[in-house]
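**Q** Let me begin by handing over the structure; questions about it come next.
Rule-based calculations on the coordinates, nothing more; no lab input. Quick caveat: nothing in here was measured; it's all calculated off a predicted structure. For neighbour counting, all protein chains shown are included, and Cβ atoms are generated from backbone atoms with ideal geometry for every residue, glycine included.
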Amino acid sequence: MGGLKDKTRSIFPKGIAAFGPITAAKKRAIERELLSIFSQWGYQEVIPPIFEYLDVMAEGLDEEMITKGYKVVDRGSGRLLLLRPDVTPQIARMVATLMRDEPLPLRLCYSANVFRDEEEHAGRERELFQIGGELIGMETPQADAEVVAIAIEALRHLGLRHFKVAIGQVEFFRGFLNGLGLSLQVRKKIRNAVARKETSELEEIIRQAKIPSKVAKKITAIPELFGQEEILKAAEPLVNGRETERSLARLEQVYQLLTECGYREHLFIDLGEIRGFDYYTGIVFEVFAKGLGYALGGGGRYDGMLGKFGYDCPSTGFAFDLERLYHALNPVSGVSNHHLLDFLITNSDNQSVKAFQLASALREKGYRVALRVWDGNLKETIRYAHGIGIKKILLIEEQEGASDQVVLFDGPTGSKRQFKTNRLLSQLSSKKS
């Protein structure tokens with residue numbers, strides 16, 4: 001996050017985060033806001049373990065994720081432990097083993113870091129901070145729309161305005177490929193090229209596989225199928241069986257529900273969006289902000305996940321990458337000031353008790369307060385307060401006959417006012433909800 005790319009970064013393992021006070025405060029503020037939004041939608045927070053037994057979690061992880069995971073030996077049992085590379089399979093396992101008697105649907109949310117041995121290039125870190133939600137036990141289009149709506153509402157609430165949600169349907173693409181009669185190897189190559197939006201590579205695969213031109217035209221049309229509701233009509237010629245017909249209808253239902261709820265400005269359909277092809281089973285989506293070349297987060301339906309842990313149950317969900325979200329929000333007013341303290345109380349040596357008492361009274365009202373011994377240098381005190389983001393200074397001086405008075409310095413305006421302590425406290429309204 002902010003400041004992580006500076007000169008001090010080299011003293012930490014590559015791709016691992018460290019946060020100073022200001023950046024940490026901003027990160028926590030975003031976390032609080034997002035978890036609050038999840039709570040408003042009925043989601044309850046869970047905390048998954050940072051380590052799992054590899055043989056247990058392997059049931060819910062694909063081969064690539066297992067390869068990227070960091071592994072250590074459990075000294076007690078000798079079994080391999082996996083440092084979590086993904087939260088969703090953990091929640092699937094928790095539900096399947098610990099919550100399977102709970103009434104459905106379950107709405108769960110989390111904030112957790114995951115660790116993956118990623119190659120070094122733009123937008124990739126080894127430690128990722130994720131915050132997301134899982135809706136378990138609902139198979140309906142309403143459930144798919146709900147998780148997309150939460151993502152949109154969260155970004156709106158945080159003050160982000162210029163963003164888009166790309167909605168795809170992996171089941172449509174899977175059904176389309178399966179209906180072409182191609183070999184598994186060729187289908188896999190086509191899938192990978194479409195996922196990477198590599199048009200020239202896709203054309204070369206088609207040429208080498210000697211796919212008829214009529215079929216080839218349909219394949220190369222898929223990466224171009226992005227836009228608004230007109231894409232649903234444009235995709236109809238690609239319907240080649242019950243699976244594609246059903247999945248396209250499902251996409252239309254979800255899209256219409258979201259647009260009727262007022263989210264159209266943030267939506268576009270992308271049938272070439274097939275992220276996590278083997279992981280997801282239906283609607284998928286990614287969130288993009290203006291000016292950033294990577295997704296802020298995404299998710300989709302993964303109905304087969306819980307069945308791998310012995311509890312067959314439909315599920316959908318999504319997660320934000322908190323570091324990417326931080327960078328998208330950093331210029332947005334209303335987020336950058338979450339770290340500010342309200343008051344700095346500075347006092348002479350023999351006024352420490354009064355300073356502690358005043359600080360306690362202010363904290364009781366919900367204000368954030370720091371203390372500093374008065375060194376007689378007002379300019380230095382103001383510089384210190386400004387440096388740590390405090391706008392108001394309360395000076396308790398040792399003055400004869402003024403034992404119950406404080407001087408309030410307002411940093412932004414430069415004003416200076418003297419108050420009796422009780423009057424100051426009575427004029428300050430409580431910040432507590």
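**Q** If contacts are Cα pairs under 8 angstrom and at least 6 residues apart, what is the relative contact order of the chain in percent? Let's see the in-between values first.
**A** Values: 697 pairs, mean separation 69.3, N = 433.
16 percent.
**Q** Among the DSSP beta bridges whose two residues both lie in the stretch 341-427, what percent are antiparallel, rounded to the nearest 5? Before the final figure, lay out the partial values.
**A** Values: 9 of 20 bridges.
About 45 percent, rounded to the nearest 5.
**Q** DSSP beta bridges in the chain, what fraction antiparallel, as a percent rounded to 5? Write down the numbers at each step before the final one.
**A** Details: 52 of 68 bridges.
Looking only at bridges with both residues in the chain, the antiparallel portion is about 75 percent.
**Q** With every atom except the alpha carbons ignored, what do you get for Rg and Dmax of the stretch 189-307, in angstroms?
**A** 15.3, 46
**Q** Under 5 Å between amide hydrogens, which residues at least 5 positions from Ile269 or on another chain qualify, with H placed 1.01 Å from N in the peptide plane?
**A** Counting only residues 5 or more places away or on other chains, the set is Ile167, Gly227, Gln228.
**Q** Okay, next question. Taking the chain as the reference, fit the longest principal axis to its C-alpha atoms, fit the long axis of helix 378-387 to the helix C-alpha atoms, and give the angle between the two in degrees, 0 to 90, nearest 10.
**A** 10 degrees
**Q** What number, in percent, do you get for the relative contact order of the stretch 341-427 if the mean sequence gap of Cα pairs under 8 Å and at least 6 apart is divided by its residue count?
**A** 30 percent
**Q** Toward the positive end of the charge dipole of the chain, about the Cα centre and with charges on Cβ (Lys, Arg +1; Asp, Glu -1), which of Val239, Thr413, Ala24 goes farthest?
**A** Thr413
**Q** Per residue of the stretch 360-371, in order, report the coupling 6.51 cos²θ - 1.76 cosθ + 1.60 (Karplus, θ = phi - 60°) as ³J(HN,Hα) in whole Hz, putting x for Gly and Pro.
**A** 3J(HN,Hα) across the stretch 360-371, in whole Hz: 5, 5, 5, 5, 4, 7, x, 8, 9, 10, 10, 10.
**Q** Further question: For the chain, report the translational diffusion coefficient in µm²/s to the nearest whole number, using Stokes-Einstein at 37 °C, 0.692 mPa s, and a Kirkwood Rh over Cα pairs.
**A** Once the numbers are plugged in, D ends up at 131 µm²/s.
**Q** In terms of modelled amide H atoms, which long-range or inter-chain residues lie less than 5 Å from the amide H of Ser348?
**A** Trp374, Ile396, Glu398
**Q** Then there's this: For the stretch 189-199, just list the computed ³J(HN,Hα) in residue order, Karplus coefficients 6.51, -1.76 and 1.60, θ = phi - 60°, integers in Hz, with x standing in for Gly and Pro.
**A** Taking θ as phi minus 60°, the curve returns 5, 4, 4, 5, 5, 5, 4, 8, 6, 8, 5 Hz for the stretch 189-199.
**Q** How big is D for the stretch 341-427, in µm² s⁻¹ as a whole number, if Stokes-Einstein is applied with the Kirkwood radius of its Cα pairs at 20 °C and 1.002 mPa s?
**A** Using the Kirkwood radius from Cα pairs, D works out to 167 µm²/s.
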